[in-house]
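The values are calculated or read from the model by the stated rules, or taken from the named source; none is laboratory data. Every value quoted in this text rests on a predicted model; they were computed, and no experiment measured them. Here the Cβ is made from the backbone with ideal geometry for all residues, glycine too, and neighbour counts use every protein chain on show.
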Amino acid sequence: MGSLSSSMWLAAQALEADQGALDATSNNIANQNTPGYSRELAIFTEAAPTIEGNITYGNGVELQQIQSVRDQVLQLRIGEENQQQSSAQTQYGALQQVQNLFSSPTQGIGADFTAFFNNISQLSTDPASLAARQGVLTAAQNLASDFHSTEHNLDSLQSGLNQTVAQNVIQINSLTQQIAQLNEKVGQLQRLGQDPGTLGDQETQLIQQLSQLTNVNQIQTENGLNLTTGNGTPLVVGGQSFALQTTAGPSGMTDISAQGQDITSSLQGGQLGGNLQIRDTVIPGLLTQIDNLASQFATSINSAQASGFDLKGNAGQPLFSDTSGPGAASNLTVAITDTSLIAASSDGTPGSNGNLANLLAVQTQALPSGANPLDTYSSLVSQTGNLTAQAQADVTASTSSLNQLNSQLGAESGVNLDEETTNLMNYQRAYQAAARVVSTVDSLTQSVLDMGSGVTAAP
Amino acid sequence: MRNDDATGKQEQLEHLAQVNALGQAIASAISAIEKNDLTQFETHLATQETICHRLSATKCASLFTAAGIAASAETDRPLSLEIRQAYMALAQLNRVYAALLKRARRSFGLMVALYRTHREGYDRSPSASAQGHTWSCEV
């Protein structure tokens, strides 16, 4: 049955609910510039009524919960985009260094090829000239030297990326540990039917940081959030984190394993994925091509040498050391130091230049790889240029895409000051009205008490 | 002969202007996607379509083959270089545009999946993926 005390109780409940809503609004306003903050909404519900006979009494309002506004789809896309952006940025940074090694077909190895054949061409005008012969040997040495330095620089870049891979794994393990701790608390709150609020925001922020390092799948379960790598290797399950381990692989590169299984090749996205892509795919591919070019070029020149005679009339010896397989470019050396050993002659006479045509033909003949030496090198230059341009385009596209997604998220989950100000005024008025009810009921109660004690209010 | 040269140069200048305009239309379309401005995006898409039709109809098209570029380089090196640079910038913009559209398709795919989850039988038009290309990508 309705009474003054029940009215007082209803007003007190309304005060409490409005106070909670005012707190949420104040928190929103305070966090308007906090990165990753999701605005909070006060969710009111009507309290269950009391039914007495034919009469139903309302029991006022309850503040059911303070709910953070989150869009799971947008969060998922932002996570994915973070991975792609970090991966593209990492690859772009590394590829820019690679591109410096293959900057132009007319520099480095490309220029050395041209200089080498120009010197052979010059030698053909005076095949007995020791100075012209020295020119050919010097050009060959420059070529070998540039093959060495290119391969050495690619190796150094690969080693640098290898160290970064190990650092990435340390960062991932630290983040998954922090996420697991938060995840346990968030799960506890969710099981109690409460909104995780700030803890949820902190967890989301950490997951976004983790996404920048590697591809992360999120699975929401009854016990909280589970995080796995792209291939399903668990990283966080409820309150437990699973650390990734690093071991030195047979090639000297760091392998990554989880629960004893090597998962290196399955890790994609993020800085780690980008580093692995360049370390394990792009650089080895370039090294193989540069090794093949060095090996095939040396074999072709040596073969042309063998078909001629040196200044002393002896059969031509190899100009370059026999080199093949991995490291061929690093092992390429000029095998002769005596200028007279260049096999310019086709008939064994010192004045003959007949075999120089065979040596010059290497410039235009296709190597076993399918193109002549300079075109093969130009293809490498073009390949690195395309890879770099694509990585740069991916960085730009990811940045645009993230701007788009973040602006959408801001519109949904961000704090709108106009809206919050309106809410503030509404809740303030509701609070004032509830306080007025308390004051009125208090005054009525006082009158009732006064009636009981025989005191009447002054007219 | 001089008239032919002048006409040829005029055509090349017009072609260059069209290539630059296409680049601007793509950059604007990228910006519209970033701002979630569908109306602006459609406007820039229509502009791309118009420019691409003009470019494909131009008599200069043959000039931009390898042989054409080599020939024009002999007569007007700076203009030929400028056209080449404009095409390279356009190619890079196209890479960004294609990458951004690919990402937009991913967002769209997630929304489709979400609709499917909530409402069985959501039907995606089979031609939708075929409409994913852009006019500039055709160039």
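In the range B:10-54, what residues are over 24 Å from A:Gln408 (Cα atoms), small (Gly, Ala, Ser) and either within 13 Å of chain A (Cβ to nearest Cβ) or touching a residue at least 40 places away in the same chain (Cβ under 8 Å) (or both)?
The answer is B:Gly23, and nothing else.
Residue-wise test of (1) of a type outside the set (S, T, N, Q); (2) modelled with pLDDT of 90 or more; (3) in contact with a His (Cβ under 7 Å, 6 or more places away or on another chain).
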site	(1), (2), (3)
A:Ala371	yes, yes, no
A:Asp375	yes, yes, no
A:Ser382	no, yes, no
A:Ala389	yes, yes, no
A:Gln392	no, yes, no
A:Thr396	no, yes, no
A:Gln408	no, no, no
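Search the range A:417-426 for residues being under 15 Å from A:Ala21 (Cα atoms) and among the charged types (D, E, K, R), and hand back the single one that is nearest to the other protein chains (Cβ to nearest Cβ).
By that ranking, first place goes to A:Glu419.
Could you grab me the full set of residues in the range A:398-407 that are over 18 Å from A:Gln72 (Cβ atoms) and surrounded by fewer than 18 Cβ atoms within 10 Å (Cβ to Cβ)?
Once the filter is applied, which keeps residues that are over 18 Å from A:Gln72 (Cβ atoms) and surrounded by fewer than 18 Cβ atoms within 10 Å (Cβ to Cβ), the range A:398-407 yields A:Thr399, A:Asn403.
Among the candidates B:Arg106, B:Arg84, which residue alone is within 14 Å of another protein chain (Cβ to nearest Cβ), at pLDDT 80 or above and under 28 Å from A:Ala389 (Cβ atoms)?
Going through B:Arg106, B:Arg84 in turn, just one is within 14 Å of another protein chain (Cβ to nearest Cβ), at pLDDT 80 or above and under 28 Å from A:Ala389 (Cβ atoms): B:Arg106.
Just to check your reading of the model, which residue among A:Gly410, A:Gly414 is surrounded by fewer than 16 Cβ atoms within 10 Å (Cβ to Cβ) and either within 14 Å of another protein chain (Cβ to nearest Cβ) or in contact with a Lys or Arg (Cβ under 8 Å, 6 or more places away or on another chain) (or both)?
A:Gly410
Condition check: more than 28 Å from the chain's Cα centre (by Cα) and either in a helix (DSSP H, G or I) or assigned by TED's automatic domain parsing to the domain that holds A:Thr422 (or both). Does A:Ile78 satisfy that?
Taking the combined requirement at face value, the residue does not satisfy it.
Please determine, by comparing only the residues of the range B:109-133 that are within 14 Å of another protein chain (Cβ to nearest Cβ) and farther than 16 Å from A:Ser401 by Cβ, which one is modelled with the lowest pLDDT.
In this case the residue turns out to be B:His118.
Assess whether A:Gln163 counts as being at pLDDT 90 or above and more than 14 Å from chain B (Cβ to nearest Cβ).
Here the answer is yes, as A:Gln163 does meet what is asked.
Failed condition for A:Asp375, given (1) under 36 Å from the mean Cα position of the chain (by Cα); (2) surrounded by 14 or more Cβ atoms within 10 Å (Cβ to Cβ); (3) not assigned by TED's automatic domain parsing to the domain that holds A:Ile278, with all others met?
Single failed check for A:Asp375: (3).
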